[in-house]
Amino acid sequence: MNILFTCAGRRTYLLKYFRENMQPEDRIIATDMQLSAPALQVADAKYQVPAVYADDYIDVTLKICKEEHVDAVISLNDLELPILADNRQRFEEIGVNVLVSSSRVVDLTFDKYKSTQWLNSVGLKTPKTYLKLDDVRIAVDKKELHFPLFLKPRWGSGSIGQEIVCDMNELFVMYNLLHKKIKKTILARASVGDEYILIQEKLEGNEYGADVMNDLNGNYVEVSVKQKLAMRAGETDKAVTVDVPQIRKIGAVIGNALGHIGNLDVDIMQRANGDYCVLEMNPRFGGGFPFSYEAGVNLPLAIMKWLRGESVSPDILKTEYGRTFAKNDYLMEIK
């Protein structure tokens, strides 16, 4: 079996996790805009490709799939997900399984305002969220909302454009500044219309990450929970796996109702009153997945088995609680 990882970037660990569960004849292919991307160095074959928004991006990727006899594609980039979802049929026509959720799921999770509305519709709590400055002013005047507030892109990726404001003057200045700044970033094409900045209540409390796992038909299977101990560059840097029944229940509700494919990276924070609020969802392997894998959650093996039509024992997706891990950097030679 040959698996292609697109936008491989720095996800070296994920390619290694899959390799640990592959047969000797299986191969890993990886692509990125830059041949210096660290993850390319651990692939059996590596390719430099155009930017995901380039007109020929899908054509180039399809050509690689044909040449390398690719069986499945796994994307590691938020911005690419809607593109692959919309072009799924072209890959399936040449026998390639695109392990990306449906266009509906990708749109719902990528648009963080839609995410909030959907989460509320299935009975889950989220931070109070607004799109308009006037609505925020009214809520503050009514004491329904209090500073500090949190600003982030409606269509976001990583930690780009995230800001904290402490009063109305800061809010006005930063809101308008972000409107200009985002249009100069990689988020520009994804940010449509005029309302592409979210204004949310800033929650204070313990933050958690959940890997909500579905099979390749969108059926809920399991959830792994870790408490975040430190963040770095928008990703979990230190964490401990924990057994929190309320969060596992949230994961089950999301997995069953959403019907995503594979892994869903979910950020959750606990309010001072004990409520758990879902911050956002990303239908892909996130930066917190290594903490689940190292604690026994072998989703790469499950995916390989599902692709082969084999049954998967629930035991391989169970988390060993109380395991603490921290990321560290190391140098990799680019060849």
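The values are calculated or read from the model by the stated rules, or taken from the named source; none is laboratory data. These numbers come from a predicted model, not from an experiment. Heads up, the Cβs are rebuilt from the backbone with ideal geometry, glycines too, and the neighbour counts pull from every protein chain shown. Just the protein is used for accessible areas: all its heavy atoms, side chains included, with ligands, DNA and RNA removed. Shrake-Rupley method; radii C 1.70, N 1.55, O 1.52, S 1.80 Å.
What aspartates and glutamates sit close enough to LYS305 to cross-link, taking a C-alpha to C-alpha distance under 12 Å and skipping anything fewer than 8 places away on the same chain?
Cα-Cα hits under 12 Å: ASP215.
Stick to the Cα atoms of the range 252-335, pair each with every other, and give me the Kirkwood hydrodynamic radius in Å at one decimal.
15.4 Å
Considering the options ILE316, ALA190, ILE138, tell which one lies farthest towards the positive end of the dipole of the chain, charges being +1 on Lys and Arg and -1 on Asp and Glu at the Cβ, about the Cα centre.
Farthest towards the positive pole: ILE138.
Debye sum, Cα scatterers, the chain, no solvent: what log₁₀ I/I(0) at q = 0.06, 0.10, 0.13, 0.16 1/Å?
-0.21, -0.60, -1.02, -1.50
Between ALA233 and GLU93, what is the FRET efficiency for a Förster distance of 45 Å, r being their Cβ-Cβ separation, to the nearest 0.05?
Numbers: r = 38 Å, r/R0 = 0.85.
E between ALA233 and GLU93, to the nearest 0.05, is 0.75.
Between HIS69 and ASP44, what is the spin-label point distance in nm, taking each point 7 Å from the Cα along the Cα→C-beta axis?
0.9 nm
Past 28 Å, Cα to Cα, is the threshold; run LYS128/LYS228; LYS46/LYS238; LYS142/LYS183; LYS63/LYS226; LYS66/LYS226; LYS112/LYS249 against it and keep the listed order.
Too far apart for the 28 Å limit: LYS46/LYS238; LYS142/LYS183; LYS63/LYS226; LYS66/LYS226.
About the Cα centre, and with charges only on the beta carbon of Lys, Arg (+1) and Asp, Glu (-1), how big is the dipole of the range 1-69? Nearest 20 debye, please.
So the dipole magnitude of the range 1-69 works out to roughly 280 debye.
In 10 Å bins starting at zero, report the fraction of Cα pairs in the range 169-257 per bin as a rounded %.
With 10 Å bins starting at 0, P(r) equals 13, 27, 31, 26, 3.
Where the centre of each part is set by its Cα atoms, how far does the range 184-229 sit from the range 249-317, in angstrom?
Going from one Cα centre to the other spans 12 Å.
Tell me, what % of the accessible area of the chain is carbon and sulfur with a 1.4 angstrom probe? Walk me through the intermediate numbers first.
On the way: 7390 of 15220 Å².
Of all accessible area on the chain, carbon and sulfur atoms account for 49 percent.
Taking the Cα-to-Cβ direction at LYS249 and at ARG19 and moving 7 Å from each Cα, how far apart do the two end points lie in nm?
In this crude spin-label approximation the distance works out to 4.3 nm.
Remind me, what semi-axes does the range 98-178 give for its equivalent ellipsoid, largest first in whole Å, using sqrt of 5 times each Cα gyration tensor eigenvalue?
The equivalent ellipsoid of the range 98-178 has semi-axes of 27, 16, 9 Å.
Could you tell me, in Å, what Rg and Dmax come out for the Cα atoms of the range 13-84?
Spelled out, the Cα radius of gyration and Dmax of the range 13-84 are 12.2, 36 Å.
Can you give the extra length, in nm with one decimal, that the chain gains between GLU294 and LYS202 once fully stretched, where that is 0.36 nm per residue apart less the Cα-Cα distance? Working shown, then result.
Details: separation 92, 0.36 × 92 = 33.12 nm, distance 3.10 nm.
Full extension of this stretch gives 30.0 nm more.
When the dipole is taken about the Cα centre of the chain, and only Lys, Arg (+1) and Asp, Glu (-1) are charged at their Cβ, what size is it in debye, to the nearest 20?
520 debye
log₁₀ I(q)/I(0) of the range 202-304 at q = 0.12, 0.13 Å⁻¹, via Debye over equal Cα point scatterers, no solvent, to two decimals?
-0.35, -0.41
What spacing in nm lies between the two simple spin-label points modelled at ASP55 and VAL140, each 7 Å away from Cα in the Cβ direction?
Using points 7 Å along Cα→Cβ, the separation is 4.6 nm.
If you average over every viewing direction, what projected area does the convex hull of the Cα atoms of the range 58-115 give, in nm²?
Result: 3.7 nm².
With the calculation restricted to Cα positions, what are the radius of gyration and Dmax of the range 1-128 in angstrom?
Just the Cα atoms of the range 1-128 yield Rg and Dmax of 16.0, 51 Å.
Would you kindly calculate the translational diffusion coefficient of the range 83-217, applying Stokes-Einstein with the Kirkwood radius from alpha carbon pairs, for 4 °C and a viscosity of 1.567 mPa s, and quote it in µm² s⁻¹ without decimals?
Calculated translational D: 77 µm²/s.
Quick check for you: with a 1.4 Å probe and neighbouring chains kept, what is the accessible area per residue of the chain, in Å²?
Normalised by residue count, the accessible surface of the chain is 45 Å².
Which residues among the range 12-39 fall inside the zone where the amide N is under 20 Å from a point 7 Å beyond the Cα of ARG308, along Cα→Cβ?
15-29
What value, in deg cm²/dmol to 500, does the helix sum -39500 (n - 2.57) over DSSP H runs of n ≥ 4 give at 222 nm once divided by the residues of the chain?
Helix-only estimate at 222 nm: -8500 deg cm²/dmol.
Give me the net charge for the shell around ILE186: Cβ to Cβ below 13 angstrom, other residues only, Lys and Arg +1, Asp and Glu -1.
+2
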